[in-house]
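Report on the structure given below.
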Amino acid sequence: MAKRKSGRDVHGIVLLDKRLGVSSNQALQEVRRLFNANKAGHTGALDPLATGLLPLCFGEATKVSALMLDDDKRYQVTIQLGVMTDTGDSEGKVVAEMPLPTLTAERLQACLQHFTGLIDQVPPMYSALKHQGKKLYELAREGKTVDRQPRAITIYELQLLNVDAEAGQLTLDVFCSKGTYIRSLAEDIGHWLGSCGTVTALRRTKAGMFELDKAYTLQELQAMDFKQLQDILIALDVPLRDMPEVSLSVEQAERIKQGQRIAFSADKTGPVRIYSPQTFLGLGEILLDGKLAPKKLFHLDGQTA
C-alpha cells in the first residue's frame, strides 16, 4: 500500500531569520508545520548558537538545495580572545585560557590581511564531515580526535566592525566561500594574535543571492494567514537565474519531460534552465553534439515560475 502523504504539496523557498538556541532542523520543522508541507529541507545548517539567514526549501525546491550549498556566505561574528573551547564556540567546554593580546590598529590590520584571500583551513572536530563513515562531531562527543587535512577556502572580505581591547573582543564581517568554518577562523585569528579565541555570537547575513533583510522570523510567519504564507514563497528557479534560460515549444517540452534529448540550436554548451513557455521544467545541458539533454526535472503541478 502506498504511503499516505501527511501534508500539502508546497513548492518554493522561504527565507527564515533563525533565532538563537534552536537547531536548523528544529527551525525547519517549525516552519514546515506552518505550511503543512509534505517535503522540506534547508540549505546548510546553522549551529544553535548562530542566528540569521536560513533558506528553507519546500517540495520540489528541495532539489535545488544541494546547488545552494555551494553559495558564498556572509557572517557577522564576535570572537572572545583569551579563551578556547572544545566546540570552538561559547557553548563548549573551556579547554584553554591565555592572556589577552595587545590589540593595536596595525596588528589587527595585519591579521585581517593575513586571513583574506585563498587560505588553508583545518575543519573543526565539531563538524558534520565524516571520518570512516562517522561524523566528526559524533567522534568528538565520544572524546575522540582524528587528524583532519587542511582544505582550501576563500575569504573574500574580512572587515573589523568593532574592537573592545579591554575585554578582548572582536566583531568581524566575514564574506567567504563554501566550506568555511567561522569557528576555525576565530581560533586561527586568536592563535595568530598570540592568544586563543572562540565564537560568542554568530549571525549569517547573506547566502548566495539572498540577504537577511528579506527574511522572516518565526513569530512573523506565525502571524500570517494561509494566503500570506503562499505569497512569500520564492519560486524555486530564482536561485538558478545566473544560469542561461531556454524556452521550448509544447512538443519539445513533452519530449524533454519523457527524458529524451532533442536537437537545439544554442550559442554555448553547458547547463541551462528550461521553460515551456512560462512553466519552469527544470535543468538541462546543451551538449557538444548540439542537443539539449534533461538533467533535473521538476514537477510543479501546473504552477508557473
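The values are calculated or read from the model by the stated rules, or taken from the named source; none is laboratory data. What you see is a predicted model; the values in this text were computed from it and never measured. Reconstructed Cβ throughout: ideal geometry from the backbone, glycine too, with neighbour counts over all protein chains shown.
Of all residue pairs spaced 6 or more apart or on separate chains, none has beta-carbon atoms under 8 Å together with a first member in segment 77-103 that is outside the structural domain of Glu166 (by TED's automatic domain parsing) and a second member that is in a strand (DSSP E or B). The set of residues in segment 10-26 that are under 12 Å from Ala40 (Cβ atoms) and touching a helix residue (DSSP H, G or I) at 6+ places or on another chain (Cβ under 7 Å) comprises Val10, His11, Gly12, Ile13, Val14, Leu16.
Only one of the listed residues (Met68, Met125) is under 24 Å from Arg204 (Cα atoms), buried (at least 19 other Cβ atoms within 10 Å of the Cβ), out of contact with any Leu (no Cβ under 7 Å at 6 or more places or on another chain) and of a type in the set (A, V, I, L, M). That residue is Met68. Scanning segment 249-282 for residues that are hydrophobic (A, V, I, L, M, F, W, C) and either in a helix (DSSP H, G or I) or without any contact (Cβ under 8 Å) to a residue 40 or more places away in the chain (or both) turns up Val250, Ala253, Ile256, Ile262, Ala263, Phe264, Ala266, Val272, Ile274, Leu281. Set side by side, the residues Thr154, Thr171 differ, and just one is among the hydroxyl-bearing types (Ser, Thr, Tyr), modelled with pLDDT of 90 or more and either over 20 Å from Asp72 (Cβ atoms) or in a helix (DSSP H, G or I) (or both), which is Thr171.
Okay, residues lined up against (1) farther than 16 Å from Glu60 by Cα; (2) surrounded by 12 or more Cβ atoms within 10 Å (Cβ to Cβ); (3) at pLDDT below 95:
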residue	(1), (2), (3)
Ser247	yes, yes, yes
Ala253	yes, yes, yes
Lys268	yes, no, yes
Ser276	yes, yes, yes
Thr279	no, yes, yes
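Counting only strands (runs of 3 or more DSSP E) that sit wholly inside segment 39-94, those with at least 3 residues that are under 26 Å from Arg273 (Cα atoms) are 40-42, 50-58.
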